[in-house]
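The values are calculated or read from the model by the stated rules, or taken from the named source; none is laboratory data. Remember, it's a predicted structure, so these values are computed and weren't measured experimentally. Note: ideal-geometry Cβ built from the backbone for every residue, glycine included; neighbour counts use all protein chains shown.
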Amino acid sequence: MTKLVVTHLTRMQRGTICVAGLDVNTGRHIRPVLPGRALSAKMTAPHGGPFDMATVVDLGETRPVPSPPETEDHEYVAEQVRVTLQVEPALFWEMLDHVARPELHDIFGTELRMFGQAGQRRAATGEGTGHASLGVLRPSKQLRLSYSITRDRREVVRLEVSDCGQLLDLSVTDLRLYTDDGTRPDIERIKTLAAQLAHGERVLLGVGLTRAFAARWTNEPLHWLQVNNLHVESDPTWRLAPRPRPTLLEPPAAEAGSH
């Protein structure tokens, strides 16, 4: 049986999501996936589903299906899933801080490469390369969260992150910053969070790599770095739909190699 604490809750294409978290027994990141199909946003707590931030979910029997860099993927059976606990805020922050790393290369390795020019820099790994696609970053410098509308009328949320002397401009896919199951950015929530960051609120970043695709930055398919979630210390268990449940009192086991 596999139980995970949800630490990543991400919007994908309209109406679909990605969920990941820490295995309660091993402390390692795992990503529950369904064979041949994406996870529907209907599986989140606001719709009566099991998935929400800082929630312990029992996935039942799972099967590892790693494919670099998505080494964390585990297939599960949707009908077996059940919610067990919510995690108390201070403990959830402790869990995140324990597995957090100070630099992106500590998470994704030297396979992570930079693309673009100053002010528009992205990062990615080559298709099928790398040993991890998920992690938690402990940023050392102040972050800047922004919302804008592109020339082709797309609404985008981005975060400026400084890492190893590089200023990266990364897409933000935190499901909690979007309305209608990830359809449109929630401008008021974005403004509130941007103000918190501007005032020096301590934050940990859930970061991840996309499935491989070719972007205008390069013709080759790459796994692009994005910010899955922003965890602020003042409200680390910010959920989609708070529901009272028993709280978890003990953290999961330490992730191998953590410090």
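Structure above, values below:
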quantity: Arg14 being outside the structural domain of Arg176 (by TED's automatic domain parsing), in contact with an Asp or Glu (Cβ under 7 Å, 6 or more places away or on another chain) and of a type in the set (Lys, Arg); calculated: no
quantity: Strands (runs of 3 or more DSSP E) (entirely within region 57-143) containing at least 3 residues that are more than 28 Å from Thr218 (Cα to Cα); calculated: 82-87
quantity: Residue within region 19-33 that is more than 27 Å from Phe108 (Cβ to Cβ) and either in a loop (DSSP other than H, G, I, E, B) or at pLDDT 95 or above (or both) present; calculated: no
quantity: Residues that are under 15 Å from Val172 (Cα atoms) and of a type in the set (S, T, N, Q), drawn from region 193-243; calculated: Thr210, Gln226, Asn228, Asn229
quantity: Only one of Ala118, Ala195, Ala132, Ala90 that is more than 20 Å from the chain's Cα centre (by Cα) and modelled with pLDDT of 95 or more; calculated: Ala195
quantity: Matching residues in region 203-221 - criterion: being under 18 Å from the mean Cα position of the chain (by Cα) and either surrounded by 15 or more Cβ atoms within 10 Å (Cβ to Cβ) or among the aliphatic types (A, V, I, L, M) (or both); calculated: Val203, Leu204, Leu205, Gly206, Val207, Gly208, Leu209, Thr210, Ala212
quantity: Unique residue being touching a Gly at 6+ places or on another chain (Cβ under 6 Å) and surrounded by fewer than 21 Cβ atoms within 10 Å (Cβ to Cβ) when the list is Met12, Met43; calculated: Met43
quantity: Scope region 23-40; condition closer than 19 Å to Glu61 by Cα and surrounded by fewer than 20 Cβ atoms within 10 Å (Cβ to Cβ); matching residues; calculated: Asn25, Thr26, Gly27, Leu34, Pro35, Gly36, Arg37, Ala38
quantity: Failed item, numbered, when Gly49 is tested on (1) within 22 Å of Trp224 (Cα to Cα); (2) free of Cβ contacts under 8 Å to residues at least 12 places away in the same chain; calculated: (1)
quantity: Complete set of residues in region 205-233 that are in contact (Cβ under 8 Å) with a residue 12 or more places away in the chain, more than 15 Å from His8 (Cβ to Cβ) and of a type in the set (D, E, K, R); calculated: Glu220, Glu233
quantity: Residue under evaluation Leu85, criteria (1) under 24 Å from Val136 (Cα atoms); (2) modelled with pLDDT of 95 or more; (3) in contact with a Pro (Cβ under 8 Å, 6 or more places away or on another chain), criterion not met; calculated: (2)
quantity: Residue identified as over 26 Å from Val19 (Cβ atoms), at pLDDT below 90 and either exposed (fewer than 14 other Cβ atoms within 10 Å of the Cβ) or not assigned by TED's automatic domain parsing to the domain that holds Thr7 (or both) among Arg153, Arg144; calculated: Arg153
quantity: Qualifying residues in region 156-178 (those that are exposed (fewer than 14 other Cβ atoms within 10 Å of the Cβ) and not in a loop (DSSP other than H, G, I, E, B)) - the one modelled with the lowest pLDDT; calculated: Gln166
quantity: Considering residues of region 132-146 that are touching a Lys or Arg at 6+ places or on another chain (Cβ under 8 Å) and of a type outside the set (S, T, N, Q) only, the residue nearest to Ile107 (Cα to Cα); calculated: Gly135
